[in-house]
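Data block below; observations after.
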Amino acid sequence: MSAKEKIERILNNIDRVMIGKRDIAELSLTALLAGGHTLLEDVPGVGKTMMVKALAKSIGADFKRIQFTPDLLPSDVLGVSIYNPEEMEFEFRPGPIMGNIVLADEINRTSPKTQSALLEGMEESSITVDGETMPIPQPFFVMATQNPIEYEGTYPLPEAQLDRFLFKLEMGYPTASEEIEVLRRAEKEVPLDHLETVISIEELIVLQDAVKDVAVDDIVKAYIVNCANETRMHQSIHLGVSPRGSLALMRACQAYALLKGRSYVTPDDVQYLMPFVFGHRITLHPGASYEGITVEEIIESILLKVEVPVDKVPLHE
């Protein structure tokens with residue numbers, strides 16, 4: 001079975017429980033293949049939890065959920081060492097971060113200290129408890145959800161922590177016809193309960209390794225860098241995209257190309273993914289925000305300004 005066939009099986013499996021969210025499923029799987037993490041910002045009840053559970057079931061992954069609350073402690077995320085009187089030594093009880101697919105629900109409802117405990121593990125793929133460093137099982141994918149920052153009782157993620165997420169996505173409400181289909185499917189049973197595993201963890205790791213073999217021509221690399229440079233010079237932007245953001249966009253494009261069955265990245269991949277990779281890495285000047293200028297509008301203007309490479313497809317496939 002080819003890589004594209006395996007990926008298609010995962011997406012079709014998710015489609016059995018997620019109605020009208022194929023694009024979000026593709027982007028979530030792209031982030032997983034790229035070894036990144038995803039931040040979903042939207043109102044409660046639009047299917048964020050269902051999406052990550054369906055993804056975990058599709059690949060047979062160890063799924064963990066962390067419900068973030070104002071009183072949550074870092075040890076509730078990482079785990080804790082407990083003294084065993086029989087063995088006369090401390091035993092480490094792993095926290096929910098030690099899973100393959102971790103749902104960090106309402107991450108902006110907890111304190112910055114607890115947020116950092118999760119984000120450290122995301123960056124290093126390991127955690128440190130009582131001076132001992134322990135690796136997190138691979139593959140490791142965090143899908144964090146947050147309520148819009150205007151909601152009461154939220155702690156907005158700092159720029160440095162937002163930078164740990166490959167994508168920031170919004171699910172949005174379903175259309176009327178899609179919502180009717182959701183009701184129809186859930187009338188007598190919960191579709192998620194009948195979802196089956198379609199590929200193994202080992203097969204997923206092979207797919208993640210295959211992402212690194214997707215070719216990125218120098219003209220496409222230059223296109224990514226030119227777009228990133230524009231964010232650093234734009235008059236409405238206070239903080240532009242860092243080199244880590246450029247690297248994140250390239251890796252995301254490699255994973256997306258593999259998802260689409262290609263062995264090379266095109267400028268179209270860059271244009272499609274840039275808003276999801278760059279959007280949360282850009283900080284506007286207060287004056288621009290006051291004037292109603294949005295990050296989405298700025299990224300769109302940058303894509304119109306930066307010259308697109310003429311050679312759409314590299315010679316080497």
Next on the checklist: Among DSSP bridges having both ends in the stretch 1-122, what percentage is antiparallel? Round to the nearest 5.
Outcome noted: 55 percent
Checklist outcome for this item: Under a Gaussian network model of the chain whose springs join Cα atoms within less than 10 Å, the largest fluctuation of Leu259, Leu78, Leu239 belongs to Leu239
Checklist outcome for this item: Ranking Val198, Ala56, Ile82 by how far each Cα lies towards the positive end of the charge dipole of the chain (+1 on Lys and Arg Cβ, -1 on Asp and Glu Cβ), the top one is Val198
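Calculate, for Leu239 and Asp23, the FRET efficiency according to 1/(1 + (r/R0)^6) with r their C-beta to C-beta distance and R0 41 Å; round to the nearest 0.05. Kindly include the intermediate steps, with their values, before the conclusion.
Details: r = 28 Å, r/R0 = 0.68.
With a Förster radius of 41 Å, E is 0.90.
Using alpha-carbon pairs under 8 Å, 6+ residues apart, how would you state the relative contact order of the stretch 214-305 in percent?
Working: 106 pairs, mean separation 32.0, N = 92.
The value is 35 percent.
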Checklist entry - How many angstrom lie between the C-alpha centres of the stretch 61-109 and the stretch 233-312? => result 35 Å
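Can you give the local net charge around Leu192? Use residues other than it whose beta-carbon is closer than 12 angstrom to its beta-carbon, Lys and Arg +1, Asp and Glu -1. Let's see the in-between values first.
On the way: positive: Arg16, Lys53, Lys57, Arg185; negative: Glu189, Asp193, Glu196.
Result for the local shell: +1.
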Checklist outcome for this item: In the stretch 3-207 the DSSP beta bridges are antiparallel at a rate, in percent to nearest 5, of 40 percent
Checklist entry - Based on the alpha carbon coordinates of the chain, what radius of gyration and maximum Cα-Cα distance (Dmax) apply, in Å? => result 20.4, 70
Item to check | Between 0 and 90°, nearest 10: helix 48-58 axis offset from the chain longest Cα axis | outcome: 80 degrees
Checklist entry - Want the number for Asp218 to Thr283: 0.36 nm per residue separation, take away the alpha-carbon distance, what's left? => result 20.6 nm
Checklist entry - Label Glu179 and Glu297 with points 7 Å out from Cα along Cα→Cβ: what is the distance between them in nm? => result 2.9 nm
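Read the figures in this text as sums done on the coordinates, not as results from a lab. The structure displayed is predicted, hence computed values, not measured ones. Every residue, glycine as well, gets a Cβ built from its backbone with ideal geometry; the counts of neighbours run over all protein chains shown.
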